[in-house]
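The values are calculated or read from the model by the stated rules, or taken from the named source; none is laboratory data. The model shown is predicted, which means the values in this text are computed figures rather than measured ones. Quick reminder, even Gly has a Cβ in these numbers, built from the backbone with ideal geometry, and neighbours come from all protein chains shown. These area figures cover heavy atoms from the full protein model, side chains too; ligands, DNA and RNA do not enter into them. Shrake-Rupley method; radii C 1.70, N 1.55, O 1.52, S 1.80 Å.
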Amino acid sequence: GTATHALTTMLSRVSLAILVLSSAAAVFGQTPANPRIPAYGYGTIIASPTPAVVGEETSIDVTVGNNGGTDAEIAVTLSFNDWGITFGGWQEIKESVATVAAGGEVTIPYTHVFENRGHHCLEAKIASVSGGNEVTTDDRGQINLETVFAGDSTTVDIPVRNNGEKEVRLQGFRLMCPAKPGMALEDINQARKLVPCPDDFPAQIRPIEGLDDKGILVLGPGEGTMVNVIAFKDTTEPLKTALECCSAEVELKRVMVEAEDVGSGEVNHVMVDIYHASAVEMLNWPLLCCIKNVRLRVLLESILVQALELIEAGDVAGAIKLLKKYIEKATLLECDMTAEEKACVEKAISIVLDAARTLAVDMLEETKDVVSVAAKPKIAAKMATGDEMRLAGEYEAACLMFFGVVMGINNTKEHAAPPALLETEP
């Protein structure tokens, strides 16, 4: 009993000494906690599978750091938005708490089932901290599921919406580029080293309607608009990246569209990835190598083979019709696939639709001088409707619109006058 009492007394004194040392450290320069979402979420907010599958559980890992000198209990709220560049209206998924040591990082797991197809933004935000919060400017991170188009040059409508309860005043829109020429794309994302693009940058935002005399766009609660961006071939430093589930490498080019609310200072953005490939190149990518069911894979691949044969024979309308059949079949067969196979097929469907769009765009370009003037507005309207449906995730309907573009061209071609004979030297 005496030995136990002595040991207890000694341990109490040790604990007291540790407490005194800790208090002294706080007095003599120990910094408070400084929680952060590293790199604004790039590489630190990771969703799996990507793209997410409607009705299936998506795992989302959020890495939280602590740059301060004190351990802290950090609460992080994960939310999502589903409408391009959005101010307000974030829908909370969950708030979770983790202990993060001074100078350390912790990954917090979340899960969510998305109910709608389309573009989603994921936001992680520091909700509360024990032990102080020295800097609050790095308490928020956001990632985007990217919008992908194909072609040498393309336009894309970026939706902008105010889902909040207060008016927002947007001071124009900016295209953002790497701060240093030649900077790797991963470095751009992770360090967020982006600056406004120079005047000669090969992409531009088209004039925006509704600006006031000071160049500010005012959006009331629930109001939205579209910002049109046209991107040309040499948009940014290219990134060679492997297609998901496949071994093919694709060259991507990226541009970021950013908007700022001048009242609150809140900045939101959307990333647009552009890959350059012909329709034939896209359809030859190994899109279905992740499907383990050989029967399903052969069925879908046989449709692509037939479509490629029709393209080679010059029957663009027939090829797009087969690509629509591919999208229909792939969508119906998803019920027999695993979650991994579904994610792969969703990516393949997106690329097949881009191939159909590229065929229609190429044919529009090739026949622009021979299509009747009366038919051009109708054809352009079908193309625009197809693009809108593509953005909304209505892939079958979008493909049907691109088929309508080609049929409209075929049905309204004017016979071009033969070129005048040129006099040449013998």
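When region 387-402 is filtered for residues that are open to solvent by 50 Å² or more (accessible area, probe 1.4 Å) and part of a helix (DSSP H, G or I), the ones remaining, listed by number, are 388, 391, 396, 400. Scanning region 305-332 for residues that are more than 18 Å from residue 397 (Cα to Cα) and part of a helix (DSSP H, G or I) returns 305, 306, 307, 308, 309, 310, 311, 312. For first residues located in region 276-303 and farther than 17 Å from residue 320 by Cβ, partners that are in a loop (DSSP other than H, G, I, E, B) and open to solvent by 10 Å² or more (accessible area, probe 1.4 Å) and lie 6+ apart or on another chain with Cβ distances below 6 Å form the pairs 285/248; 286/246; 286/248; 289/246; 290/245.
Here residue 128 fulfils each of the conditions (1) at pLDDT below 80; (2) closer than 30 Å to residue 98 by Cα apart from (1). With the requirement that a residue be assigned to a strand (DSSP E or B), open to solvent by 10 Å² or more (accessible area, probe 1.4 Å) and closer than 18 Å to residue 133 by Cβ, what does region 66-82 give you? Result: 73, 77.
The single condition among (1) closer than 18 Å to residue 57 by Cα; (2) of a type in the set (Lys, Arg); (3) at pLDDT 90 or above that residue 117 does not meet is (3). In region 390-417, the residues that are modelled with pLDDT of 90 or more form Cβ pairs under 7 Å with partners that are open to solvent by less than 40 Å² (accessible area, probe 1.4 Å) and charged (D, E, K, R), at six or more places apart or across chains, as follows: 398/390; 402/357.
Residue count for region 348-381 under the criterion of being over 13 Å from residue 405 (Cβ atoms) and either out of contact with any Ser or Thr (no Cβ under 9 Å at 6 or more places or on another chain) or outside any helix (DSSP H, G or I) (or both): the result is 11. So, in region 352-386, of the ones that are in contact (Cβ under 8 Å) with a residue 40 or more places away in the chain and open to solvent by 30 Å² or more (accessible area, probe 1.4 Å), which residue ends up nearest to the chain's Cα centre (by Cα)? Ranking the qualifying residues of region 352-386, first place goes to 361.
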